[in-house]
Number of protein chains: 2
Amino acid sequence: MVITVLSGGVGAARLIRALSLVMDPSEITGVVNVGDDLVMHGLTICPDLDTISYTLAGLNNDELGWGLAGETWRVMDELRQLGGAAWFALGDRDLATHLYRTQRINEGATKTQVTRELCEHWGVRTRLLPVTNDTIATIFDTEIGRLSFQEYFVAHHHDVVVHSIMVQGAVASTATDEVMAALESCSRIIIAPSNPLISIDPILQVRGVRELLASRREDVVAVSPIIDGSALKGPADRLMRELGYVATAIGVADFYQGLIGTMVIDETDRKLAGEIESRGIKVHVTTTIMANRDDARRLAGVVLA
Amino acid sequence: MVITVLSGGVGAARLIRALSLVMDPSEITGVVNVGDDLVMHGLTICPDLDTISYTLAGLNNDELGWGLAGETWRVMDELRQLGGAAWFALGDRDLATHLYRTQRINEGATKTQVTRELCEHWGVRTRLLPVTNDTIATIFDTEIGRLSFQEYFVAHHHDVVVHSIMVQGAVASTATDEVMAALESCSRIIIAPSNPLISIDPILQVRGVRELLASRREDVVAVSPIIDGSALKGPADRLMRELGYVATAIGVADFYQGLIGTMVIDETDRKLAGEIESRGIKVHVTTTIMANRDDARRLAGVVLA
């Protein structure tokens with residue numbers, strides 16, 4: 001089975017890794033959010049693409065929950081001493097990725113090409129595709145003013161009230177041909193348990209993606225990132241409340257209404273199945289927390305079933 | 001006495017350091033070449049400004065002859081493994097300088113401002129000024145084609161035949177107000193023993209500089225970078241031959257003809273004094289190799305005499 005996974009960062013990385021346990025990784029395509037990409041110190045940084053490729057390469061830093069294993073911080077330490085902007089931590093190994101990407105982009109390569117090169121280098125067999133090679137930027141209107149994604153997420157630890165979210169550049173952006181082909185030709189589209197509002201929505205807003213999902217709705221399966229009213233990681237539950245959604249799997253179902261045929265929810269949310277089904281969405285209940293390899297396999301099996 | 005030093009990299013750094021031994025460093029202004037500045041991996045790198053500020057801050061790497069002391073190479077090692085462009089070596093500490101500069105420039109700061117900020121941070125009391133905030137680029141037409149400065153100098157170890165040198169952007173560039181004021185108001189202009197063709201000429205080609213030197217010719221003192229027919233460091237002698245100059249202090253005098261009133265040459269070149277004087281240039285003879293602090297003081301004294 002050839003599948004395509006709409007992907008944010010950590011949650012998607014773990015789901016793709018789980019899927020790779022039960023199917024050929026080369027038959028998985030990750031269509032990855034680039035709304036939180038940034039240019040910092042002149043470097044083009046793609047946090048979601050890097051999180052997934054580092055994880056699939058087995059290079060991820062499990063202690064930190066982000067970045068590369070065995071990381072060092074020489075450049076950042078020095079930059080902090082210079083009085084430079086050091087709130088967005090970039091490890092020495094990680095910086096090499098950004099230097100490589102930026103140089104290749106300056107030479108005329110697209111993010112799609114650079115991602116392929118990096119994945120080849122790291123032996124990542126899953127195909128990762130930035131949803132677009134156009135520049136899009138997720139922006140937050142908050143109680144303290146307008147913030148870029150990483151200002152909101154990292155500098156302010158997603159601890160400010162958000163009034164609205166917009167994806168700058170999305171209207172004028174186009175999904176790449178590779179992305180459209182992957183979405184059209186796969187047998188199943190999976191929406192990873194990433195933050196619907198800030199990881200998946202920027203993908204959906206890129207021209208062509210939402211319409212395609214709607215047209216293939218019966219083949220689209222979403223894994224709920226909200227379990228028992230909370231996000232495993234990050235501000236998904238809080239943001240859903242702030243933006244007027246119920247902060248449960250039901251809110252997730254409402255958000256994806258019209259785009260998905262099936263939803264996978266956690267055992268603890270079994271009681272919500274009926275209400276989700278009443279929206280015309282099939283429900284599978286399983287353990288969605290991937291605490292170990294068995295859990296990961298089980299979830300992957302349900303998603304592919 | 002307030003002085004201004006036209007400066008390339010290493011030779012200029014050493015001369016300014018020598019001058020600082022015999023006068024108040026804050027009365028020295030270095031007007032620094034930016035023709036070999038480059039953008040690499042998206043980072044704005046200013047090799048001459050960095051060489052001088054690192055040296056004056058006492059942070060220079062004496063073993064390497066360039067870069068920072070106590071340097072590490074984590075990012076470069078990783079970048080090389082990624083298959084990235086690693087021929088232009090950037091240490092981890094050094095990278096912090098380039099990240100800082102690039103971020104500040106992206107925020108709207110000029111190179112002049114960033115240089116001041118870095119020098120303040122490092123406690124460098126000499127004022128360093130990029131000759132221009134416009135982009136200029138020294139380009140080499142060589143036997144193997146057109147090369148950028150660092151391709152010629154670093155990638156090819158300045159070991160290819162050069163047919164001609166041009167400074168792209170110079171015609172449209174303007175010296176900064178600070179540079180023009182420094183050149184106009186100082187009591188003496190010193191041309192450092194830097195490479196005349198590739199370190200000093202790009203400064204002279206920036207609009208306003210050559211004319212100003214010609215008008216103050218009697219106050220301009222050049223220190224010959226060629227001693228006994230050889231450059232202490234770098235390709236000055238070879239380039240002078242390739243471009244039709246005599247590769248001695250006489251060739252240097254010819255190159256600066258009309259711009260300088262005095263030239264300082266090494267003891268070993270004493271026999272050339274008469275021929276230089278016949279060009280209407282006064283000559284001082286001393287030890288110009290700064291092998292130790294005493295040599296440095298002596299040379300500084302002669303330059304200021």
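What is the mean number of Cβ atoms from other protein chains located within 10 Å of the Cβ atom of each residue in peptide A:90-97, rounded to a whole number? Each step should come with its number before you reach the end.
Values: counts 2, 3, 9, 7, 2, 9, 12, 5.
What the average comes to for A:90-97 is 6.
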TODO: Would you work out if region B:56-188 is rounded, prolate or oblate? Take a ≥ b ≥ c from the square roots of the eigenvalues of the alpha-carbon gyration tensor; rounded if a/c is under 1.5, else prolate when a/b is larger than b/c, oblate otherwise.
DONE: oblate
Open item on the list: Given a 10 angstrom Cα cut-off, can you work out which residue in B:Ala89, B:Ala291, B:Ala175 is the most mobile in a GNM of chain B?
Closed with: B:Ala291
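Rounded to the nearest 500 deg cm²/dmol, what is the calculated helix-only ellipticity per residue at 222 nm for chain B, with -39500 (n - 2.57) per DSSP H run of length n ≥ 4? If you can, show how the numbers build up before the last one.
Values: 12 runs with 111 residues, N = 305.
Estimated from H runs of four or more residues: -10500 deg cm²/dmol.
For region B:1-88, what relative contact order do you get, as a whole percent, if you take Cα pairs closer than 8 Å and at least 6 residues apart?
Values: 95 pairs, mean separation 20.6, N = 88.
Value for region B:1-88: 23 percent.
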Task: Gyration tensor (alpha-carbon) shape descriptor, region B:36-103, a/c threshold 1.5 - done: oblate
Task: Label point 7 Å beyond Cα along the C-beta direction, distances from B:Gly83 to other copies (nm, shortest first) - done: 4.2
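For chain A, take the convex hull of the Cα atoms, compute a quarter of its surface area, and give me that in nm², please. Walk me through the numbers before you get to the answer.
Numbers: hull surface 59.5 nm².
Mean shadow area of the hull around the Cα atoms is 14.9 nm².
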Open item on the list: How big is the dipole moment of chain B about its Cα centre under a simple scheme where the beta carbon of each Lys and Arg is +1, that of each Asp and Glu is -1, and everything else is neutral? Debye, nearest 20, please.
Closed with: 440 debye
- [ ] Between beta-carbons, use under 13 Å as the cut-off and find the net charge around A:Asn133, counting Lys and Arg +1, Asp and Glu -1.
- [x] +1
Open item on the list: Once you place label points 7 Å from the Cα toward the Cβ at A:Arg241 and A:Glu211, how far apart are they in nm?
Closed with: 3.8 nm
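Based on DSSP loop calls and a cut-off of at most 13 other Cβ atoms within 10 Å, the longest stretch of chain B free of exposed GluC sites (Glu not before Pro) is what? Spell out each step's value before the answer.
Values: sites that count: B:Glu63, B:Glu107, B:Glu143.
No qualifying site falls inside B:144-305, the longest such stretch.
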- [ ] Just the number, please: percent antiparallel of the DSSP beta bridges in the protein assembly as shown, rounded to the nearest 5.
- [x] 40 percent
Task: region B:69-116: translational diffusion in µm²/s, Stokes-Einstein, Kirkwood Rh over Cα pairs, 4 °C, 1.567 mPa s - done: 108 µm²/s
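Dipole magnitude of region A:57-159 about its Cα centre, charges +1 at Lys/Arg Cβ and -1 at Asp/Glu Cβ only, in debye to the nearest 20?
Details: 10 positive and 15 negative charges, 94 e Å.
Using only the charged Cβ atoms, the result is roughly 440 debye.
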Task: Label spacing, shortest first and in nm, from A:Ala291 to its equivalents in the remaining copies (7 angstrom along Cα→Cβ) - done: 7.5
Open item on the list: Can you tally the net charge around A:Asp201? Count Lys and Arg as +1, Asp and Glu as -1, for every other residue whose Cβ sits under 12 Å from the Cβ of A:Asp201.
Closed with: 0
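Antiparallel DSSP bridges in region A:163-305: what percent, to the nearest 5? Don't jump to the answer; show the numbers that get you there.
Details: 2 of 14 bridges.
Here the antiparallel bridges make up roughly 15 percent for region A:163-305.
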- [ ] Find which of B:Leu15, B:Ala69, B:Gly108 sits farthest along the positive direction of the dipole of region B:8-149, computed with +1 on the beta-carbon of Lys and Arg, -1 on that of Asp and Glu, about the Cα centre.
- [x] B:Gly108
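Given Cα pairs under 8 Å that are at least 6 residues apart, what percent is the relative contact order of region A:146-293? Please list the in-between numbers first.
Working: 211 pairs, mean separation 29.4, N = 148.
Reported relative contact order: 20 percent.
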Task: Minimum Cβ-to-axis distance in chain A for the rotation onto chain B, with residue, whole Å - done: A:Gly42, 2
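With the contact rule set at Cα under 8 Å and sequence spacing of 6 or more, what percent relative contact order holds for chain B? Intermediate results must be reported in sequence, preceding the final value.
Details: 589 pairs, mean separation 57.0, N = 305.
Relative contact order, chain B: 19 percent.
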Task: Straight-distance crosslink candidates among lysines, where the alpha carbon sits under 23 Å from A:Lys233 and sequence neighbours closer than 8 are dropped - done: A:Lys271
TODO: Relative to the longest principal axis of the C-alpha atoms of chain A, give the angle of the C-alpha long axis of helix A:111-122, reported between 0 and 90° and rounded to the nearest 10°.
DONE: 90 degrees
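Can you give the local net charge around B:Gly8? Use residues other than it whose beta-carbon is closer than 9 angstrom to its beta-carbon, Lys and Arg +1, Asp and Glu -1.
Details: positive: none; negative: B:Asp36, B:Asp48.
Summing Lys/Arg as +1 and Asp/Glu as -1 gives -2.
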- [ ] Using a 10 angstrom cutoff on alpha carbons, build the Gaussian network for chain A and name the most mobile of A:Gly58, A:Gly261, A:Gly42.
- [x] A:Gly42
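Rounded to the nearest 20 Debye, what is the dipole magnitude of region B:240-305 about its Cα centre when Lys and Arg each give +1 and Asp and Glu each give -1 at the C-beta? Could you put the intermediate results ahead of the total?
On the way: 8 positive and 9 negative charges, 33 e Å.
Roughly 160 debye, rounded to the nearest 20.
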Task: Estimated translational D of region A:132-279 in µm²/s (Stokes, Kirkwood radius over Cα pairs; 4 °C; 1.567 mPa s) - done: 81 µm²/s
Task: Rough spin-label spacing in nm, given labels placed 7 Å along Cα→Cβ, for B:Ser26 and A:Gln113 - done: 5.2 nm
Open item on the list: Which of A:Asp50, A:Asp254, A:Asp37 ends up with the largest GNM mean-square fluctuation for chain A, with Cα atoms connected below 10 Å?
Closed with: A:Asp254
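Here, each number is a calculation from the coordinates, and none is a lab measurement. Source: prediction; values computed, not measured. A quick note on method: Cβ atoms are made from the backbone with ideal geometry, for glycine too, and the neighbour counts reach across all protein chains shown.
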